[in-house]
Structure formats: structure tokens, C-alpha cells
Amino acid sequence: MSRTIFRVWRDTRGATAIEYGLIIALVVLALIVGLTALANTTVGMWGNVNDKVAAAR
């Protein structure tokens, strides 16, 4: 029993997988924040274009 516990304690594969998972989660979070900011800017730009086209009629 103690050998099994010691082997599990020494095994680092699970820790590496968790670290990669956290890195991927941070990258996805950064992408979501960046795309949300870009979307807000783009919506504002198209709203401005819409106002200019409506005023030109």
C-alpha cells in the first residue's frame, strides 16, 4: 500500500496536464477578452457608417 502511495506521489504527469490546462484556460480567457473588445469597436464603427449613410440620403 505504501509503495502505491509513494508512486502516485512521485508521478508528475498529472501535474503537467493540469499546468497545460491552466495555460490553455488563460489563453482562451485572453482571446475572449480581446475578441469582445474588438467586437465592441467593430459594432461602433459600423454604427458610425450607418449614421453617415443615413445622413447622406
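Just so you know, all these numbers are worked out from the coordinates, no wet-lab data involved. This structure is a prediction, so every number in the text was calculated from the model and none was measured. Using ideal geometry, Cβ is built from the backbone for each residue, glycine included, and neighbour counts are taken over all protein chains shown.
Points worth noting:
- Computed from the Cβ-Cβ distance with R0 of 35 Å, the FRET efficiency linking residue 35 to residue 56 stands at 0.65.
- Once the Cα gyration tensor of the chain is diagonalised, semi-axes √(5λ) in Å: 55, 6, 5
- Backbone HN-Hα couplings from phi across the range 29-41 [Karplus 6.51/-1.76/1.60, Hz, Gly and Pro as x]: 4, 5, 5, 5, 5, x, 5, 5, 5, 5, 5, 4, 5
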